[in-house]
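Accompanying notes for the structure given below.
Just so it is clear, none of the values below were taken in a lab; they were calculated from the coordinates. Predicted model only: the values in this text are computed from it and were never measured. Methodologically, a virtual Cβ is constructed for each residue, glycine included, from the backbone with ideal geometry; neighbour enumeration extends over all protein chains shown.
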Ligand SMILES: [Zn+2]
């Protein structure tokens with residue numbers, strides 16, 4: 001296999017110069033995931049970002065709505081603009097540890113979040129769900145949180161693969177203001 005023009009200048013080595021046994025699979029290398037895999041044990045409740053956020057001003061905690069048993073905030077690490085999280089105030093890990101009141105309010109806040117996101121961002125669809133346990137992909141596994149990710153027909157691109165970068169057209173502060181402003185009283 002020949003090198004791409006300019007590859008030598010850039011200090012790159014052709015893949016054919018490494019040893020290996022090819023098979024039918026392609027690989028999507030995601031070394032940035034090691035930061036999560038190697039992060040070690042869950043933080044204590046004292047360090048929990050979802051316990052700390054309600055103690056901050058809405059603007060500083062990225063909170064868009066405070067309910068009785070649960071609240072809604074922007075994800076600091078959004079998959080898309082308007083990526084919201086619904087959390088109970090209590091530091092519980094598992095959905096089946098939530099009380100009926102918490103379950104009901106998490107559900108109602110999720111519905112309202114969908115309506116608000118549709119009105120402010122005209123999204124075409126949503127991904128909604130909870131990752132239960134670190135092994136299932138939960139970034140903060142110790143504190144229950146429901147993801148609400150707005151989707152647009154045109155939102156997928158290759159940035160996450162080639163540049164470890166998500167393209168986010170709106171800053172978090174602007175999104176928080178828009179969502180909080182559209183949230184029904
Ligand atoms: Zn917590």
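Odds and ends about this structure:
- Between residue 57 and residue 122, the contour length at 0.36 nm per residue exceeds the Cα-Cα span by 20.6 nm.
- Sequence of 183, 152 once ranked by neighbouring C-beta atoms within 10 Å, starting from the fewest: 152, 183
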